[in-house]
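Single-structure report; data block below.
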Amino acid sequence: MAAVSKRIRSQAPSEDGRVRYRADIQGLRAIAVLAVIANHMAGWPPGSFVGVDVFFVISGYLITGILLREFERRQTISFTGFYARRIKRILPRACL
């Protein structure tokens, strides 16, 4: 438990409330996406579902961190608020 709380504190939001950029996590996500794209275009690497799995595991890790920080701040989690923030962030870009 101490390791988890230490990890959460190390990823604590900065003064403006945003979590620091994690280049290592974003790099792994990029590799996973590239593996899926390469499989669709050239059939390599075989079994590109691994790229999809890796992408979802990393996304789950990041989402869990967001929800844990919200719980630490408010002592509750608003799934409605969580999804509203995601829609507000993703939908405009998806429409373009």
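The values are calculated or read from the model by the stated rules, or taken from the named source; none is laboratory data. What you see is a predicted model, and the numbers here were worked out from it, not measured in a lab. Cβ: placed from backbone, ideal geometry, glycine included. Neighbour counts: every protein chain shown. Heads up: the accessible areas ignore ligands, DNA and RNA and are worked out on the full protein's heavy atoms, side chains in. Shrake-Rupley method; radii C 1.70, N 1.55, O 1.52, S 1.80 Å.
What the table shows:
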quantity: Long-range neighbours under 9 Å by Cβ, at least six apart or interchain, first residue touching a residue at least 12 places away in the same chain (Cβ under 8 Å) and part of a helix (DSSP H, G or I) within region 67-96, second small (G, A, S) and open to solvent by less than 100 Å² (accessible area, probe 1.4 Å); calculated: R69/A12; E70/S78; E70/G81
quantity: Residue, least open to solvent (accessible area, probe 1.4 Å), within region 58-83, restricted to residues that are under 23 Å from I25 (Cα atoms) and of a type in the set (D, E, K, R); calculated: E70
quantity: Residue match in region 23-34 (condition: surrounded by 11 or more Cβ atoms within 10 Å (Cβ to Cβ), basic (K, R) and part of a loop (DSSP other than H, G, I, E, B)); calculated: no
